[in-house]
Amino acid sequence: MTTAQRTALIATTLTCVLAPSGAARAADWKLDRAKAVAAKAWNDPCAGDVQVAVAPQAGADWLASTLPSQCRITLARELRWNPLCPVLLHEYGHLAGYTDPGNPLDPHHSSDPDSIMWPFVHADARCARHGIPYLKRAAGSRRKDGTPK
């Protein structure tokens, strides 16, 4: 193999390994947008330094877990937009230290099924239309239960 062939092979290999695929770029904008929605909702609890990783868990009955001390969220699998945005909104609530004193059996979750901190995934208006209307709205408004609008 000539030097030129070897160089071309190395360049091609590096391009394939290091360049993100179109699917990865598409997934990145969704993750970045969902993080932006969640950061706005919870006043950016980690000053923009939230790490999100996907670590598939065979048979997991959870979609995500959070380590607030490390500003880290682990997703059990890749998620489409509709579950991704509400899941990150919920997990950012944990990063922000959400507690519900009215729910002594599970104080880190709300007993209100309409709250984003309810322990089961459900739609949230802040995620509508990929979060664009919410991100354009002024910050600071809150719901009756104290969670951000």
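The values are calculated or read from the model by the stated rules, or taken from the named source; none is laboratory data. Everything numeric in this text was worked out from a predicted model, so none of it was measured. A quick note on method: Cβ atoms are made from the backbone with ideal geometry, for glycine too, and the neighbour counts reach across all protein chains shown.
Inspect the stretch 27-35 for any residue being modelled with pLDDT of 95 or more and within 18 Å of Pro119 (Cβ to Cβ) and give the result as yes or no.
no
Tell me, yes or no, whether the stretch 76-93 has at least one residue that is touching a Ser or Thr at 6+ places or on another chain (Cβ under 9 Å), within 15 Å of Phe120 (Cα to Cα) and modelled with pLDDT under 95.
Yes, the stretch 76-93 contains a residue that is touching a Ser or Thr at 6+ places or on another chain (Cβ under 9 Å), within 15 Å of Phe120 (Cα to Cα) and modelled with pLDDT under 95.
If you scan the stretch 56-86, which residues turn out to be of a type in the set (Gly, Ala, Ser) and surrounded by fewer than 11 Cβ atoms within 10 Å (Cβ to Cβ)? Spell out how you get there, then give the answer.
Taking the stretch 56-86 as the starting set, the residues that turn out to be of a type in the set (Gly, Ala, Ser) are 58-60, 64-65, 69, 76.
Within the stretch 56-86, Ala58, Gly59, Ser69 qualify.
Looking at the structure I just gave you, is Leu89 out of contact with any Leu (no Cβ under 6 Å at 6 or more places or on another chain), within 16 Å of Lys40 (Cα to Cα) and not small (Gly, Ala, Ser)?
In short, yes.
On the given criteria, is Cys46 modelled with pLDDT of 95 or more and on the phi > 0 side of the Ramachandran plot? Please lay out each step first, then the result.
Details: modelled with pLDDT of 95 or more: yes; on the phi > 0 side of the Ramachandran plot: no.
Spelling it out, it is not the case that Cys46 is modelled with pLDDT of 95 or more and on the phi > 0 side of the Ramachandran plot.
Scan (1) surrounded by 12 or more Cβ atoms within 10 Å (Cβ to Cβ); (2) more than 26 Å from Asp32 (Cα to Cα) for the single condition Pro101 breaks and write down its number.
Checking Pro101 against (1) surrounded by 12 or more Cβ atoms within 10 Å (Cβ to Cβ); (2) more than 26 Å from Asp32 (Cα to Cα), the one that fails is (1).
Which of the residues spanning the stretch 56-97 are closer than 20 Å to Pro113 by Cα and within 10 Å of the chain's Cα centre (by Cα)?
Ala64, Pro83, Leu84, Cys85, Pro86, Val87, Leu88, Leu89, His90, Glu91, Tyr92
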